[in-house]
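Structure below; questions to follow.
Quick note: the coordinates plus some simple rules give every number you see, no bench work behind them. Keep in mind that what you see is a predicted model, and the values were worked out from it rather than measured. Note that we place each Cβ from the backbone using ideal geometry, even for glycine, and neighbour counts take in every protein chain shown.
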Amino acid sequence: MHVVPGLKVLYFGTPVVLISSRNEDGTTNLAPMSSAWWLDQSCMLGLGSSGQTTANLLRERECVLNLPSASMVDAVDRIALTTGKSTVPPLKVQQGYRYEPAKFALAGLTEQASDLVGPPRAAECPIQLECRVVAVHPLASAAKVNAFEVEVLRAHVEEDLVIPGTHYVDPLRWDPLIMKFTEFFGGGQNVHSSRLAEGWDMPHQLSRVGTGQTGNALLSQADPVQVADELDSLSRFEAARESDLGTR
Ligand SMILES: Cc1cc2nc3c(=O)[nH]c(=O)nc-3n(C[C@H](O)[C@H](O)[C@H](O)COP(=O)(O)O)c2cc1C
């Protein structure tokens, strides 16, 4: 039986991309995004217009799409709820965003010079795509969102991921980090708590599949400061869920 729940979010699950782009002063910005799809040697990137990445892509017309594996989730989550924009837009302030000019350092990632474009690659990412912007399409149905059409100029791939003697990535070895309804997944399992989900006040009650433990049980083995933070967010999930249930 199907129901019509009036879905508020349609993020069914796409790979996370870390976009590196050049700021006006020549420094580098790094931003997680996941509204990306691929066709031939092109990619479409859905980006909100209030971000620093949008400003950089419109001005510089180039970027690197760095694809983190699921095991890199901690680096990605550390720069969630940050922006390279020095004036943080009000909605983002409300969601808990703050200005962060050094996102590579905050993520613990290393800048690696690109061959063909100005912005550097993220050395730790197994797949790095040097790109140029070929067109910008404003979304007709969603104000303040653009689809950036980029052409992949050069693809760098960790040697272990390439099927030997071919030009193909081995899908059995490549384990992309997937963002599903603002939560992080790898290999079909929830792999990490998500600051983005906190910012969105998502009513999720996650259990880490394969461990038989709930998120709470896993947290009890972790760093106490992180535990305090994450328990706070879990109780917010529960409160949000309760109020959601109360309104049905
Ligand atoms: C996992 C993840 C996926 C995201 N996906 C998108 C996306 O597809 N499009 C978008 O505009 N923002 C997305 N965001 C939010 C951006 O990271 C956020 O807007 C950020 O401020 C962009 O950084 P910037 O302002 O430095 O460009 C995502 C965030 C996370 C953590």
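Considering the Cα trace of the stretch 14-191, what is its radius of gyration and what is Dmax, both in angstroms?
In Å, with Rg to one decimal and Dmax whole: 15.6, 51.
Take Arg22, Arg154 and order them by how many other Cβ atoms sit within 10 Å, fewest up front.
Ranking Arg22, Arg154 by Cβ neighbours within 10 Å, fewest first, gives Arg154, Arg22.
What FRET efficiency, computed as 1/(1 + (r/R0)^6) with R0 = 41 Å and r the Cβ-Cβ distance, is obtained for Arg132 and Gln189, rounded to the nearest 0.05?
Result of the calculation: an efficiency of 0.70.
Mind giving me the FRET efficiency for Arg173 and Gln112? R0 is 25 Å, r the Cβ-Cβ distance, nearest 0.05 is fine.
Efficiency for this residue pair is about 0.75.
Let me ask something else about it. With unit charges on the beta carbons (Lys and Arg positive, Asp and Glu negative) and the dipole taken about the Cα centre of the stretch 57-123, which residue among Pro119, Ile79, Leu91 sits farthest to the positive side?
Leu91
At what distance in angstrom do the alpha carbon centres of the stretch 108-155 and the stretch 3-28 lie from each other?
12
Only counting other Cβ atoms within 10 Å, I'd like Arg61, Arg173, Arg121 sorted with the fewest neighbours first.
Starting with the residue having the fewest Cβ neighbours, the order is Arg173, Arg61, Arg121.
Which value, in debye to the nearest 20, describes the size of the charge dipole of the stretch 14-191 about its Cα centre when Lys and Arg Cβ atoms bear +1, Asp and Glu Cβ atoms bear -1, and nothing else is charged?
My answer is approximately 700 debye.
Pull out a ≥ b ≥ c, the square roots of the eigenvalues of the alpha-carbon gyration tensor of the stretch 1-61, then state rounded if a/c is under 1.5, prolate if not and a/b is larger than b/c, and oblate in the remaining case.
Prolate, because a/c is 1.5 or more and a/b exceeds b/c.
In addition: Once the Cβ-Cβ distance between Val93 and Arg154 is put in as r, and R0 is 41 Å, what FRET efficiency do you end up with, to the nearest 0.05?
0.65
For Leu45, Leu106, what's the fewest-to-most ordering of other Cβ within 10 Å of each Cβ?
So the ranking, lowest neighbour count to highest, is Leu106, Leu45.
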